[in-house]
């Protein structure tokens with residue numbers, strides 16, 4: 001790849017998604033943009049990027065940025081955060097919110113939707129009393145392609161094997177050709193939105209739980225602080241923020257303080 005094309009892509013990713021594309025990631029560009037370049041009838045990714053450079057920013061530039069964004073996820077990822085939700089956090093919030101009987105949850109980088117659907121299944125399985133509550137699960141992602149896929153709720157057998165126990169598969173999924181589709185009642189619990197975390201958020205209520213797992217590591221320091229400041233503004237004072245296991249929050253102690261619940265680390269906003 002010509003150096004000037006890689007520099008252009010770095011600027012594009014920063015502009016459209018707030019994501020830092022580090023030196024030495026040319027291999028990632030080749031892997032992620034190959035299918036899109038072929039779909040656009042280009043034999044060379046270098047020529048494809050040169051074509052982008054010669055045109056004003058538009059829909060194709062956005063598709064390139066979306067194709068480059070990491071979308072790795074799975075059902076009940078890492079297991080223990082969901083155990084903590086079931087055993088500690090949900091019971092705590094149900095007691096605190098009993099007067100209003102309202103619960104709001106935001107999966108802020110949902111990719112293809114597994115995190116949000118995992119939360120919905122957890123609530124459906126263990127908290128039947130929520131039938132009389134107003135529960136809102138918002139799931140958002142920067143990629144319009146991922147959001148549409150998440151809305152469909154169809155997953156391959158490999159994706160199902162990565163986290164869905166048999167008893168949940170039989171109760172909350174239906175065969176959809178060669179795939180499995182989340183049942184209608186679970187899909188109805190989740191509201192999907194296209195949201196770029198690196199830009200001002202659309203109107204959202206204060207949340208009881210925010211998941212921003214494994215997304216902050218892709219931002220530069222200035223963007224990361226800006227995102228966390230705005231997340232703090234959308235989190236209730238006694239709510240819970242979840243970030244990825246590899247994402248340290250020590251530099252943001254002025255915004256959040258840490259809670260250690262069994263094997264799970266989560267955060268509450270200060271002040």
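No lab work stands behind these numbers, since they all come straight from the coordinates. This structure is a prediction, so every number in the text was calculated from the model and none was measured. No Cβ is skipped: glycine too gets one built from the backbone with ideal geometry, and neighbour counts run over all protein chains shown.
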Quiz prompt | Extension gain (nm, one decimal) between residue 41 and residue 230, 0.36 nm per residue minus Cα-Cα | solution = 64.0 nm
Quiz item: In the Gaussian network model of the chain, springs joining C-alpha atoms below 10 Å, which of 105, 49, 210 carries the largest mean-square fluctuation?
Solution: 49
Quiz item: Nearest 0.05, what FRET efficiency do residue 157 and residue 72 give at R0 = 22 Å with Cβ-Cβ as r?
Solution: 0.80
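Rounded, prolate or oblate: pick one for the stretch 1-137, where a ≥ b ≥ c are the square roots of the eigenvalues of its C-alpha gyration tensor, a/c under 1.5 means rounded, and failing that, prolate if a/b is larger than b/c, else oblate.
prolate
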Exercise. Taking the chain as the reference, fit the longest principal axis to its C-alpha atoms, fit the long axis of helix 221-234 to the helix C-alpha atoms, and give the angle between the two in degrees, 0 to 90, nearest 10.
Key: 30
Quiz item: Rounded to the nearest 0.05, what FRET efficiency is calculated for residue 206 and residue 94 with R0 set to 30 Å and r the Cβ-Cβ distance?
Solution: 0.95
Practice problem: Could you calculate the contour length gain from residue 148 to residue 263, that is, 0.36 nm times the residue separation minus the distance between their Cα atoms, to one decimal place in nm? | Solution: 38.0 nm
Self-check item: Along principal axes, Cα extents of the stretch 53-116, largest first, whole Å
Solution: 58, 28, 12
Quiz item: What is the diffusion coefficient of the stretch 3-68 in µm²/s, taking the Kirkwood radius over Cα pairs and the Stokes-Einstein relation at 10 °C with a viscosity of 1.306 mPa s?
Solution: 135
Quiz item: Where in the stretch 87-124 does the label zone of residue 183 land, with the point 7 angstrom along Cα→C-beta and an amide N cut-off under 14 Å?
Solution: 120-124
Quiz item: Using 0.36 nm per residue, how much length does the chain from residue 11 to residue 128 gain when fully extended, once their Cα-Cα distance is taken away?
Solution: 37.3 nm
Quiz item: Once the Cα atoms of the stretch 94-178 are picked out, what are the Rg and Dmax in Å?
Solution: 14.4, 45
Quiz item: Could you state the per residue volume, in Å³, of the convex hull enclosing the Cα atoms of the stretch 80-269?
Solution: 122
Practice problem: Report the calculated FRET efficiency for residue 170 and residue 61 (r = Cβ-Cβ distance, R0 = 45 Å), to the nearest 0.05. | Solution: 0.55
Exercise. Mind pulling the angle between the C-alpha long axis of helix 114-126 and the longest principal axis of the chain? Nearest 10 degrees, somewhere in 0 to 90.
Key: 10
Practice problem: Using per-residue counts of other Cβ atoms within 10 Å, averaged over each peptide, order 243-253, 152-162 from highest down. | Solution: 152-162, 243-253
